[in-house]
Amino acid sequence: MKLNIEEIVSHFNIKAEYLDFEKNTTGHINESYFINTRATDHPGYFLQWINNNIFKNVEGLMDNISAVTGHLALKLAQNKDLAFKVLEVIPCNNGKNFYLDPDGQYWRLYIFIDNAHGYNVVENTEIAYEGGKAFGLFMSLLADLPADGLTDTIPDFHNLEKRLATFNKSVEADKANRVKDVTSEIEFIKTRTDQMLTIPALIKSGKLPMRITHNDTKFNNILFDSSDHALCIVDLDTVMPGSILFDFGDSIRTGANTANEDEKDLTKVDINLPIYEAYTRGFLKSTLSTLNEVEINNLAFSARFMTFIIGLRFLTDFVDGDTYFRTSYPDHNLVRAKVQFRLIEAMERNAAKMQAVVLQAIEKERA
C-alpha cells in the first residue's frame with residue numbers, strides 16, 4: 001500500500017496545519033499514525049487505516065462510532081463532574097466520517113488524546129477497579145441509546161450456537177488430521193455445552209437485553225491519565241448490539257488470568273480473585289442502576305461463558321489447521337485453547353466465591 005499521509009490528511013477538516021507523522025506500531029488489525037501539527041497548543045491527530053478485510057461494512061462501522069461518540073460527548077457535557085473523555089471523530093471535507101482513497105482504502109481521523117497511557121497487563125487492584133468503573137461507565141452512559149440503531153460490525157461475533165456448529169463441522173471434516181490429538185478437549189466442550197447455552201437462551205427470550213456493548217474489553221483499550229485514573233475507552237470498531245455479559249466476562253477472561261494466553265505450563269493458570277473482585281466493584285459502581293436481575297445473576301458466570309467461547313475458537317482453528325489466528329508454532333492454538341479451558345476449571349472451583357463477590361459489591365453499592 002503506497003502512502004502519502006499528508007495527502008490523506010488533507011481530505012479531513014482539520015483545524016491545525018499538518019507538519020509530519022509518526023507510525024504507531026501497537027495495533028494488530030488497523031494501521032495507525034500520529035499526526036503532528038504546527039500548532040503548539042494542539043495535541044495532534046490520530047489517523048487510522050481501517051482494515052476492511054476484517055470489517056466489511058466500513059460505513060456502518062463508522063456510523064456506529066459516530067453515533068456512540070456523539071451520544072457520549074452529549075452525556076459528558078451534561079455531567080461535568082465526570083472526569084472522562086470520548087474519542088472525537090474528525091469529518092472529511094465532504095462531510096463523511098471516513099475517507100475512501102483512490103486505491104479503495106478506508107481512513108479515519110480522531111483528535112489525539114495526549115498525556116495518556118494504557119496497560120497490557122492489569123498490574124494491581126487499583127488499576128482493575130478503575131478499569132471496571134471505566135467500561136461500566138461507557139456502557140451505562142449508552143444505556144438510553146437504542147442498540148437496534150447500530151450495525152453488527154462482525155456478525156455473530158459472540159454467537160455461541162454458530163461457534164459450536166462451526167466447531168462440530170470442523171471436527172467431522174478433520175481436514176488437518178488433528179482430531180486424534182484433541183479428544184480430551186473435545187470432551188471438555190461436550191460436557192459444558194448445555195450449561196453454556198443457557199446464556200443464548202436467555203438472550204433469545206429477552207430476559208438478557210441487547211445493549212450497546214464494546215465487545216473487545218481488553219485493558220489496553222482503556223487510556224489512563226498520569227494519576228492512573230481511567231480517562232477514555234478506545235478501539236470502538238466492535239461497538240455494536242450485545243449483552244453486557246459479553247463485556248464483563250471478556251474483561252475477566254483477559255484481565256484476571258494469572259498466566260499469559262499462550263502459557264505452556266498450565267499450573268500457572270488460575271483466576272486472580274483480588275483482580276476479579278476489584279474489577280467487579282468498579283463495574284457495578286457504574287452499572288448497577290442500569291442492570292436487571294438476570295444480568296446480575298449471570299455476571300459471575302459470564303466469565304466462564306466468554307472464556308468458553310474463545311477456547312472453542314482456538315480449538316476450532318487448531319482442528320482446521322490454523323487458518324484464522326496467527327500462530328508462532330504448530331501447536332500454538334492448542335496451547336491457547338488449553339489455557340482457556342484450564343481457566344474455566346479454576347473459575348468452576350471458585351464459582352461460589354465469584355458469585356459472592358458480585359453480591360457483596362451490590363450490597364455495598366445499595367447501602
Before we move on, is ASN97 in contact (Cβ under 8 Å) with a residue 24 or more places away in the chain and of a type in the set (S, T, N, Q)?
-> yes
If you check THR183, THR166, THR191, which single one turns out to be in contact (Cβ under 8 Å) with a residue 24 or more places away in the chain, of a type in the set (Ser, Thr, Tyr) and surrounded by fewer than 19 Cβ atoms within 10 Å (Cβ to Cβ)?
-> THR166
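One residue is enough: does the range 179-191 have a residue meeting the conditions under 30 Å from VAL86 (Cβ atoms) and part of a helix (DSSP H, G or I)?
No, every residue in the range 179-191 fails to be under 30 Å from VAL86 (Cβ atoms) and part of a helix (DSSP H, G or I).
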Specify which of the listed residues (VAL68, VAL86) is within 20 Å of the chain's Cα centre (by Cα), surrounded by 15 or more Cβ atoms within 10 Å (Cβ to Cβ), part of a loop (DSSP other than H, G, I, E, B) and in contact (Cβ under 8 Å) with a residue 12 or more places away in the chain.
-> VAL86
Being over 25 Å from PRO155 (Cα atoms), modelled with pLDDT of 95 or more and loosely packed, with under 13 Cβ neighbours inside 10 Å narrows it down to one of GLY95, GLY131, so name that one.
-> GLY95
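For every residue, the table says whether it meets (1) over 12 Å from the mean Cα position of the chain (by Cα); (2) buried (at least 23 other Cβ atoms within 10 Å of the Cβ); (3) not in a loop (DSSP other than H, G, I, E, B).
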{"residue": "CYS232", "(1), (2), (3)": "yes, no, yes"}
{"residue": "ASP235", "(1), (2), (3)": "no, no, no"}
{"residue": "PRO241", "(1), (2), (3)": "yes, no, yes"}
{"residue": "PHE246", "(1), (2), (3)": "no, yes, yes"}
{"residue": "GLY249", "(1), (2), (3)": "no, yes, yes"}
{"residue": "ILE252", "(1), (2), (3)": "no, yes, yes"}
{"residue": "ALA259", "(1), (2), (3)": "yes, no, no"}
{"residue": "LYS264", "(1), (2), (3)": "yes, no, no"}
{"residue": "THR267", "(1), (2), (3)": "yes, no, yes"}
Inspect all residues belonging to the range 313-325 and state whether any of them is crowded, with 24+ Cβ neighbours inside 10 Å, over 28 Å from ILE203 (Cα atoms) and among the β-branched types (Val, Ile, Thr).
-> yes
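Listed here are the residues, each with its yes/no results for (1) surrounded by 19 or more Cβ atoms within 10 Å (Cβ to Cβ); (2) part of a strand (DSSP E or B); (3) in contact with an Asp or Glu (Cβ under 7 Å, 6 or more places away or on another chain).
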| position | (1), (2), (3) |
| --- | --- |
| LEU3 | no, no, no |
| ILE8 | yes, no, yes |
| ASP41 | no, no, no |
| ASN64 | yes, no, no |
| ASP81 | no, no, no |
Failed criterion for PHE219 (all others in (1) modelled with pLDDT of 95 or more; (2) crowded, with 17+ Cβ neighbours inside 10 Å hold) | (1)
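Out of the residues in the range 117-142 meeting the condition of being in a helix (DSSP H, G or I) and acidic (Asp, Glu), tell me which one is nearest to the chain's Cα centre (by Cα).
Top of the filtered list is GLU130.
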Select from the range 304-325 the residues that are more than 16 Å from the chain's Cα centre (by Cα) and aliphatic (A, V, I, L, M) and list them in ascending order.
-> LEU312, LEU315, VAL319
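The values are calculated or read from the model by the stated rules, or taken from the named source; none is laboratory data. As the structure is a prediction and not an experimental result, all values here were calculated from the model. When we count neighbours, we look across all protein chains shown, and the Cβ atoms used for this are built from the backbone with ideal geometry, even at glycine.
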